[in-house]
1. With +1 on the Cβ of every Lys and Arg and -1 on the Cβ of every Asp and Glu, and nothing else charged, how large is the dipole of the chain about its Cα centre, in debye rounded to the nearest 20?
2. About the Cα centre of the stretch 34-131, what is the dipole size in debye to 20, counting +1 per Lys and Arg Cβ and -1 per Asp and Glu Cβ, all else neutral?
3. Report the FRET efficiency, 1/(1 + (r/R0)^6), for T10 and V204, where r is their Cβ-Cβ distance and R0 is 30 Å, rounded to 0.05.
4. Taking the solvent-accessible surface of protein heavy atoms with a 1.4 Å probe, what is the per residue accessible area of the chain in Å²?
5. Quote the Stokes-Einstein diffusion coefficient, in whole µm² s⁻¹, for the stretch 32-75, based on the Kirkwood radius over alpha carbon pairs, a temperature of 37 °C and a viscosity of 0.692 mPa s.
6. Which of the three applies to the stretch 38-114, rounded, prolate or oblate, going by the alpha-carbon gyration tensor with a ≥ b ≥ c and a/c under 1.5 meaning rounded?
7. How long are the semi-axes of the equivalent ellipsoid of the chain, defined as square roots of 5 times the Cα gyration tensor eigenvalues? Whole Å, largest first.
8. Taking 0.36 nm per residue of sequence separation and subtracting the Cα-Cα distance, how much length would be gained by fully extending the chain between V141 and T34, in nm to one decimal?
Amino acid sequence: MQVRAPNGQTLTVDGNPQPFIGGWAYLIWAHGPTGGIRFQVTPAGSAELVSKQLGDWSRFTVREAQWNGGRLMSLEDPESGTNMVWVGPHHEVATFFNGTGVPFEAFMDILAKFDLQDTPDGLTMLPRAGSGLTLGNLLAVNTIDQVCNVQVKPIADSSEAVPRSSGRRVRGGAMWRVDERDESGAVKTRSVFVVNETAATTVVAANPDDTRFIGVVESISCRLS
């Protein structure tokens, strides 16, 4: 599987013995002179679908508009703020604003600083020349149903997290197991950290004792180029 990440990199994932439940979701930050902005990039329709599944949709005041070949949505929650979403043909981009009554123009002005390209293989949002923005802190996330959650970051953003000890060699790189235990000593959360020359991957088990998790850890390979 090859997909395009929002920063223009290609994420190549193979070796997973079971399929992912859907498309990849991303978190990415744009950094500029006035600070940072966090974006979520997900398959089109995700914000609405997830909100309805969680039972949050009825709390929102929903406004819509058309812009740049897609649909703009404002999801206002009086208790927390406003989630603004641009929904394209294949993917959507969302960011959060404090408060309510946020004009669509505030979101449009931010998105206009990027060259948005939405294709079936992924959405890229590269800063335009003169915008003063750079992209960083990429995180890609997907799930193998009832087995594990897979999180991928560029190795450059994860170098400080790499253990000094030697990891066990698996197909995806060097691997370290991380167990979090409760007060009785039982494993509460089991994950592995896999590092290669381009990516750092965290795989979190849905069930610490699931043997299918071991199969994923030993075979999956995630790389960024």
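1. On the way: 19 positive and 24 negative charges, 122 e Å.
Dipole of the chain, to the nearest 20 debye: 580 debye.
2. Numbers: 7 positive and 12 negative charges, 19 e Å.
In debye, rounded to 20, the stretch 34-131 gives about 80.
3. 0.80
4. Here the per-residue accessible area is 52 Å².
5. Calculated translational D: 263 µm²/s.
6. Values: a/c = 1.77, a/b = 1.19, b/c = 1.49.
Since a/c reaches 1.5 but b/c is at least a/b, the shape of the stretch 38-114 is classed as oblate.
7. Details: eigenvalues 222, 87, 55 Å².
For the chain, the ellipsoid semi-axes come out as 33, 21, 17 Å.
8. On the way: separation 107, 0.36 × 107 = 38.52 nm, distance 2.78 nm.
So the extension gain works out to 35.7 nm.
The values are calculated or read from the model by the stated rules, or taken from the named source; none is laboratory data. Note that the structure is predicted; figures quoted are calculated from it, not measured. When we count neighbours, we look across all protein chains shown, and the Cβ atoms used for this are built from the backbone with ideal geometry, even at glycine. What goes into the accessible areas is simple: the full protein's heavy atoms, side chains included, and nothing from ligands, DNA or RNA. Shrake-Rupley method; radii C 1.70, N 1.55, O 1.52, S 1.80 Å.
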